[in-house]
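Okay, so here's the structure we're looking at.
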Amino acid sequence: MVGAGLSGAVIGRCLAEAGHEIDVIDSRNHIGGNCQTRRDEETGVLVHVYGPHIFHTDDEEVWNYVNSFEPFKPYKNRVKTTARGQVFSLPINLHTINQFFGRTMRPDEARRFIQEEQADTSIEDPKTFEEQALRFVGRDLYEAFFKGYTLKQWGCHPSELPASILKRLPVRFNYDDNYFFHKFQGMPENGYTALIEKILDHPGITVQLETDFKQDMAAHYDHVFYSGPLDGFFDYELGRLGYRTLDFEEFRYDGDYQGCAVMNYGEEEVPFTRITEHKHFAPWECHEGSVCYREYSRACEPGDVPYYPIRLVKEKALLSDYVELAEKTAGVTFVGRLGTYRYLDMDVTIREALDTARGFIDRLERGEAPPAFFSAPV
């Protein structure tokens, strides 16, 4: 298993339980990948080292799987945003609409108001992020809550991004400020590092950190599961796939800095996208001091931690070329967010890891070679 994040841990555990001997390697000095959590020595706050990760899913098997290793505490993600000198709730809901427009509308009144007075109904088939937002919430709400944030997050104008980034109607006509819709939502009581440690705790698994993968290592194994960057496996011979990366400016506060876990800053002139206050991700704990991150998004350079695959036209063309290379490479299966160049929530990562391990075992039993991808990148 190349990578000691969720993909490598879950696949490794499944195969170890099936009787295989598993070596997990990771180039970093810790397990967990970008899900790493650690206790801050000064405050005792459980810090999400690479930014916040909130677990949410409708997949009951995945929910039961993670809870079998580490108990999850209930947690609802309630995001706030600062815009035009005020604090609003996200996603846009009835409270946001009434506060923003200085009204006291009921749900049916607000729905008519947005649809008839705000939404740009001349846009019948939105193709871009900007068109999608204008079609459903109108220019005022779009410019206050979406435009500046998106410019900072993606480094390009919303008119250059696909409408699919706004997957669902970005407005609610009730006072529900729960950011996610999913049935199961929570946080691991002792953090994601503790969860992944327990998944990897099996006599058939060994873990080696600060170990870079070299292609000649594959000769020593029956099969390699690779969760590193797809282009990196081929030493970027066709060029680099585009990612956005994040920089975190950590600061401390004696007390409660912002009263919530996530405060977005949607205005373009504010250079960071949001501030996260980590003690609020574990509301069952009590800490006097606080650890906060200002979060900045920029283009990913060599040596940076890749976060968000860009997947625009140019990147998709290059991805297709790398997929063709991968499918000609025997003995390797590419998995996870980096291995398949897709943005994956944690529950989807675990689902795909479980399905990959089961599919691999099934292929072995039938005497068939495992594919390069159990989950297609394109």
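The values are calculated or read from the model by the stated rules, or taken from the named source; none is laboratory data. It should be emphasised that the depicted structure is a prediction, and the values quoted were computed from it without experimental measurement. Quick reminder, even Gly has a Cβ in these numbers, built from the backbone with ideal geometry, and neighbours come from all protein chains shown.
Condition test on residue 269, is it under 30 Å from residue 1 (Cα atoms) and of a type outside the set (Lys, Arg)?
Working: under 30 Å from residue 1 (Cα atoms): no; of a type outside the set (Lys, Arg): yes.
Spelling it out, it is not the case that residue 269 is under 30 Å from residue 1 (Cα atoms) and of a type outside the set (Lys, Arg).
Residues in the stretch 352-376 that are of a type outside the set (Gly, Ala, Ser), in contact with a Leu (Cβ under 9 Å, 6 or more places away or on another chain) and in the same structural domain as residue 240 (by TED's automatic domain parsing): 352, 360, 361.
Restricting attention to the stretch 16-62, and to residues there that are touching a His at 6+ places or on another chain (Cβ under 9 Å) and assigned to a helix (DSSP H, G or I), which single residue is surrounded by the fewest Cβ atoms within 10 Å (Cβ to Cβ)? Taking the candidates together, the pick is 17. Counting the residues of the stretch 63-85 that are over 26 Å from residue 295 (Cβ atoms) and surrounded by fewer than 17 Cβ atoms within 10 Å (Cβ to Cβ) gives 4. Taking the stretch 86-101 as the range and being over 19 Å from the mean Cα position of the chain (by Cα), surrounded by 15 or more Cβ atoms within 10 Å (Cβ to Cβ) and not in a helix (DSSP H, G or I) as the test, the residues that pass are 88, 89, 92, 93.
Could you tell me which residue of the stretch 68-85 is farthest from the chain's Cα centre (by Cα), considering only residues that are in a strand (DSSP E or B) and under 19 Å from residue 150 (Cα atoms)? I'd like the intermediate steps shown before the answer.
Within the stretch 68-85, the first condition is being in a strand (DSSP E or B), and the residues that meet it are 72-74, 79-83.
Filter again for under 19 Å from residue 150 (Cα atoms), leaving 79-83.
On the way: 79: 16, 80: 19, 81: 19, 82: 22, 83: 24 Å.
Among those residues, the one meeting the criterion is 83.
Going by the structure shown, is residue 195 assigned by TED's automatic domain parsing to the domain that holds residue 25 and closer than 30 Å to residue 153 by Cα? Spelling it out, residue 195 is indeed assigned by TED's automatic domain parsing to the domain that holds residue 25 and closer than 30 Å to residue 153 by Cα.
Flag: residue 249 matches the condition of being surrounded by fewer than 21 Cβ atoms within 10 Å (Cβ to Cβ) and part of a strand (DSSP E or B).
Does the stretch 42-57 contain at least one residue that is acidic (Asp, Glu) and touching a helix residue (DSSP H, G or I) at 6+ places or on another chain (Cβ under 9 Å)?
Here is the first cut: in the stretch 42-57, the residues acidic (Asp, Glu) are 42.
Within this subset, residues satisfying the condition of being touching a helix residue (DSSP H, G or I) at 6+ places or on another chain (Cβ under 9 Å) are none.
No, the stretch 42-57 contains no residue that is acidic (Asp, Glu) and touching a helix residue (DSSP H, G or I) at 6+ places or on another chain (Cβ under 9 Å).
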